[in-house]
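See structure below.
The values are calculated or read from the model by the stated rules, or taken from the named source; none is laboratory data. Note that the structure is a prediction, hence the values are computed from the model and not measured. Quick reminder, even Gly has a Cβ in these numbers, built from the backbone with ideal geometry, and neighbours come from all protein chains shown.
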Amino acid sequence: MKDFFKITGLVSLAIIVLIALAFGMGLLNLQSYKFFAPKYENVRREVFENTQSYVEGKRQEALKYYKEYNSTTDEQERKAIEMVVVQSFANFDDSLLAPEIYNFVKEMKNK
């Protein structure tokens, strides 16, 4: 009978230790996720920003704003286009644009 209580106690202790270990591993996993997830997302964003489709889309967008800006004489509309260009191309590598469009975007940013 004494051995039965000893074995039952050891099994109960082992189950408690396994549960605590699983809980601890879960917390450890959350901590590692908290550390690595932002870095993973930054890499994904950087890869996306260097894709051909993203760069081509930005080139087309810049060309559209360039044509709109040059076709209007309304100063308020020009100011609105300027603000959109500044916000839209704030984190974009301007050197990927054609020279004329590059100068336009640079001029809008420097106003």
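Can you name every residue in the stretch 86-101 that is among the β-branched types (Val, Ile, Thr) and at pLDDT below 90? Let's see the steps before the verdict.
Taking the stretch 86-101 first, the residues among the β-branched types (Val, Ile, Thr) are 86, 101.
Matches in the stretch 86-101: none.
Assess whether SER71 counts as being among the polar types (S, T, N, Q) and within 27 Å of the chain's Cα centre (by Cα). Lay out the reasoning, then the answer.
On the way: among the polar types (S, T, N, Q): yes; within 27 Å of the chain's Cα centre (by Cα): no.
Here the answer is no, as SER71 does not meet what is asked.
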Failed criterion for GLN76 (all others in (1) loosely packed, with under 11 Cβ neighbours inside 10 Å; (2) outside any helix (DSSP H, G or I) hold): (2)
Just wondering, is there one or more residues in the stretch 30-39 that are in a helix (DSSP H, G or I), modelled with pLDDT of 90 or more, among the hydrophobic types (A, V, I, L, M, F, W, C) and within 20 Å of the chain's Cα centre (by Cα)? no
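Tally the residues that are closer than 15 Å to ASN50 by Cα and either among the acidic types (Asp, Glu) or not in a loop (DSSP other than H, G, I, E, B) (or both), restricting the search to the stretch 89-111. Reasoning before the result, please.
Restricting attention to the stretch 89-111, the residues satisfying the condition of being closer than 15 Å to ASN50 by Cα are 89, 91-97.
Now restrict to residues that are either among the acidic types (Asp, Glu) or not in a loop (DSSP other than H, G, I, E, B) (or both): 93-96.
Looking only at that region, the number is 4.
On the basis of being within 30 Å of LYS111 (Cα to Cα), exposed (fewer than 11 other Cβ atoms within 10 Å of the Cβ) and aromatic (Phe, Trp, Tyr), does PHE48 make the cut? Steps first, answer last, please.
Numbers: within 30 Å of LYS111 (Cα to Cα): yes; exposed (fewer than 11 other Cβ atoms within 10 Å of the Cβ): yes; aromatic (Phe, Trp, Tyr): yes.
Yes.
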